Amino acid sequence: VDVNIVPIPGRAKNTTNYIVLLYDITEIRRLEKVRTDFVANASHELRTPITALKGFSETLLDGALEDREVLIEFLEIMLKESSRLDLMVQDILQLSKLEQKQVRLNVESIEAESVVKEVFQILQQKAELKDIELSVVCDEPVYLEVDHDQLKQIILNLVGNAISYTPEKGIVKVELGYENQEAIIRVIDNGIGIPLEEQSRVFERFYRVDKARSRNAGGTGLGLSIVKYLVENLNGFIELNSEVGKGTTFEIRLPIRFENKILTKK
Ligand code: ADP
């Protein structure tokens, strides 16, 4: 609590009364902590690939350069680490832009299945490498009043994760539809799942259930926090249902405008 004491002249002569103002700053302090934690975590996360880049380039300069096989192996690692660094900086910048409301939105009526297909195209190679089948189920066209790029980002992050955390020959499915006057997007996989005790934490920035696996999959630990931010910004909800070894479903519910519902009845 912040306290402010303001003196005012008392009723009796030569006396002073005081007004004591108490400010509840719990929320302000919480936000400050979120911010400082974020800076600390971001610096730590950025240092990991930087340390790797430094280490490998130093070893090369110390003589490993002579061995062509080692040289190629090290350069490949360095390329991977720089790409990770790049992705991480992009994600950090995106989060900060979103928070500062610096993103210019172009809100229009978007048909969701076409966006899912755009995402599948981007991720097709990643899925093929693991022999994972991508599919979309949509019984009636689903229209959303959103910014196209933001919707694409939400679906891209969720489907990208579903592929990353599903073993070879797995299945990744997107379901679209309307339920109880809301638009529903479900991203379903039959992958490794998320333990119950970790489920509430995966939306936190930089939180990963398994750091090594996330790093291997090229993750930044920011994908789900960006998704949650975007969904809540659209007045929607996101929740997950998961069982270890069986798979995970992320479900997004978004409010719909009345005319959207009419459009679907055509
Ligand atoms: P990352 O870049 O590490 O994937 P995210 O914020 O996207 O970061 O996800 C946070 C963590 O949640 C991941 O590191 C992973 O442990 C877990 N996770 C996310 N999606 C899935 C999924 N579909 N199946 C299993 N675990 C998942």
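Taken as Cα centroids, the range 107-131 and the range 14-58 sit 36 Å apart, rounded to the nearest whole angstrom.
Could you tell me whether the range 108-171 comes out rounded, prolate or oblate from its Cα gyration tensor? Rule is a ≥ b ≥ c as square roots of the eigenvalues, rounded for a/c under 1.5, then prolate if a/b exceeds b/c, otherwise oblate. Since a/c reaches 1.5 and a/b is larger than b/c, the shape of the range 108-171 is classed as prolate.
Considering the range 172-236, its Cα convex hull presents a mean projected area of 5.4 nm².
Projecting the alpha carbon convex hull of the range 1-121 along each direction and taking the average yields 16.8 nm². Structural descriptor for the range 39-162: relative contact order 25 percent, calculated from alpha carbon pairs under 8 angstrom and at least 6 residues apart. Computed log10 I(q)/I(0) for the range 121-266 at 0.17, 0.19, 0.20 Å⁻¹: -0.97, -1.19, -1.30, from the Debye equation with unit scatterers placed on every C-alpha and solvent omitted. Taking a straight line from the alpha carbon of Lys211, these lysines sit under 27 Å away, with near neighbours fewer than eight places off in the same chain left out: Lys33, Lys54, Lys80, Lys97, Lys126, Lys130, Lys152, Lys169, Lys173, Lys228, Lys246. Suppose a student asked you for the relative contact order of the range 88-214, using Cα pairs under 8 Å spaced at least 6 residues apart; what percent would you report? Here the relative contact order equals 23 percent. The translational diffusion coefficient of the range 206-248, from Stokes-Einstein at 10 °C and 1.306 mPa s with a Kirkwood hydrodynamic radius over alpha carbon pairs, comes to 133 µm²/s. In whole percents, the pair-distance distribution calculated for the chain from its alpha-carbon pairs, binned every 5 Å from zero, is 1, 5, 10, 13, 14, 14, 11, 9, 6, 5, 4, 3, 2, 2, 1, 1, 0, 0, 0. Sequence-ordered 3J(HN,Hα) estimates for the range 103-117 from the Karplus curve with 6.51, -1.76 and 1.60 and θ = phi - 60° stand at 8, 7, 9, 10, 7, 8, 7, 10, 8, 5, 4, 5, 6, 4, 5 Hz, glycine and proline given as x. For the range 243-250, 3J(HN,Hα) computed residue by residue from phi via the Karplus equation (6.51, -1.76, 1.60; θ = phi - 60°) reads 9, 4, x, 9, x, 9, 10, 9 Hz, glycine and proline entered as x. Taking all C-alpha pairs of the range 164-203, those more than 15 Å from each other amount to 58 percent.
Values in this text are rule-based calculations from the coordinates and carry no lab data. The structure presented is a predicted model; accordingly, all values stated were derived computationally and were not measured.
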